[in-house]
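Below is one structure, written out as structure tokens, with a few remarks after it.
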Amino acid sequence: MRLATSQDSRLLVIEQENAIDVTAALGLENTGSGGPLLALLESGAQHRLTQLDLSELPLLPLADVQLAAPLPRPGKIVGAPVNYLDHKIEMSEQKTIAEYGVFLKANSSVIGPGDDIRLPYSDMRTDQEGELGIVIGRTARNVSAADALDYVFGYSPILDITVRSTEDRSTRKSFDTFSPMGPWITTADTAGNADALDLTCWVGGEERQRTNTRELIFSIADLVAYTSHVMTLHPGDVIASGTPAGVGPIVAGHRVVVEIEGLGRLDVGVSDEGAIRYADRPGATRNA
């Protein structure tokens, strides 16, 4: 099943070129900034999705629907640094997740398909990182790798946007608009083996990244298990599983597209509206 959220906070089941509105049938109106899918996951009632008679529910052409991020405000976003061997070589890194651990991104950094990444600085390089996003469906704490996939609800393309400045990872990756996600979440049963999916990322029409998730250093199960050892994972949390080689700068006017086999194609723009010089950021003059 593919699940999307519209800009007017409707939960949609995507079937081919159609969107089926399941919001009312699941009692998910007025669910707040987290969106209807987060409310469903937090309630533990996602099993009700399979009990619906979709033929009885409102149907719209997908082309007529304006999609938002499927989880506009996830509980938390966990990032995995250096989780592809080719990116490890590209970055001249000697460590992997086992040594670095994971990092957190602000949940306010999420945007959806068709939105714009907003560059915060006019004179500081900002890069794209195309990744597989893992959506947690059950509370997970100290789970084993053997059991970890039982806690995964589904998967989505995600971009981890990064300013190449001097601050810590979480700061450089947490600006508003720095976690584009979507166009929908594909449930784990529909996605199949997510450790063997092709991932491609284009910037300005140029292919930047191409890999298969089988090249992950930490598999999806390993990553979920490790993260649950560090922190409790709750339904609706998202793990960005790491990026392959090909990270590079984005500039205003670019389209950034990440597509994952069977999971959809996420397409966002880039804007420098409101960008300032790095030296003019709040507090910078105090260090002069």
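For this structure, a couple of remarks:
- Residue within segment 219-226 that is closer than 13 Å to Gly133 by Cα and of a type in the set (Asp, Glu) present: no
- Scanning segment 121-149 for residues that are under 20 Å from the mean Cα position of the chain (by Cα) and assigned to a loop (DSSP other than H, G, I, E, B) yields Glu129, Gly137, Arg138, Thr139.
- Scope segment 21-56; condition touching a residue at least 40 places away in the same chain (Cβ under 8 Å) and in contact with a strand residue (DSSP E or B) (Cβ under 7 Å, 6 or more places away or on another chain); matching residues: Leu37, Leu41, Gln46, Leu54
- Verdict on Gly274 being without any contact (Cβ under 8 Å) to a residue 60 or more places away in the chain and either part of a loop (DSSP other than H, G, I, E, B) or not assigned by TED's automatic domain parsing to the domain that holds Asp189 (or both): no
- Within segment 263-288, considering residues that are surrounded by 15 or more Cβ atoms within 10 Å (Cβ to Cβ) and not aliphatic (A, V, I, L, M), the one nearest to Phe218 (Cα to Cα): Gly264
- Output for segment 1-19, where each listed residue is crowded, with 19+ Cβ neighbours inside 10 Å and part of a strand (DSSP E or B): Arg2, Leu3, Ala4, Thr5, Ser6, Leu11, Leu12, Val13, Ile14, Ala19
- Among (1) closer than 15 Å to Val135 by Cβ; (2) modelled with pLDDT under 95; (3) of a type in the set (A, V, I, L, M, F, W, C) - the single one Ala245 does not satisfy: (1)
- The single residue among Val257, Val268, Val251, Val224 that is in a helix (DSSP H, G or I) and in contact (Cβ under 8 Å) with a residue 12 or more places away in the chain turns out to be Val224.
- Set Gly182, Gly205, Gly192: member being modelled with pLDDT under 95 and either assigned by TED's automatic domain parsing to the domain that holds Pro157 or in contact with a strand residue (DSSP E or B) (Cβ under 7 Å, 6 or more places away or on another chain) (or both): Gly192
- Among the numbered conditions (1) of a type in the set (Lys, Arg); (2) surrounded by 17 or more Cβ atoms within 10 Å (Cβ to Cβ); (3) under 21 Å from Pro81 (Cα atoms), the only one that Arg118 does not meet is (3).
- When restricted to residues that are assigned to a strand (DSSP E or B) and in contact (Cβ under 8 Å) with a residue 12 or more places away in the chain, segment 168-206 contains 12.
- Filter pass, Ile158 being within 25 Å of Ala68 (Cα to Cα), crowded, with 21+ Cβ neighbours inside 10 Å, in contact with a His (Cβ under 8 Å, 6 or more places away or on another chain) and among the β-branched types (Val, Ile, Thr): no
- Candidates Gly236, Gly246, filtered to the one that is in contact with a Cys (Cβ under 9 Å, 6 or more places away or on another chain), under 20 Å from Ala80 (Cα atoms) and among the small types (Gly, Ala, Ser): Gly246
The values are calculated or read from the model by the stated rules, or taken from the named source; none is laboratory data. Here the structure is a predicted model, which is why all the values come from computation and not from measurement. Please note: Cβ atoms are built from the backbone with ideal geometry, for glycine as well, and neighbour counts cover all protein chains shown.
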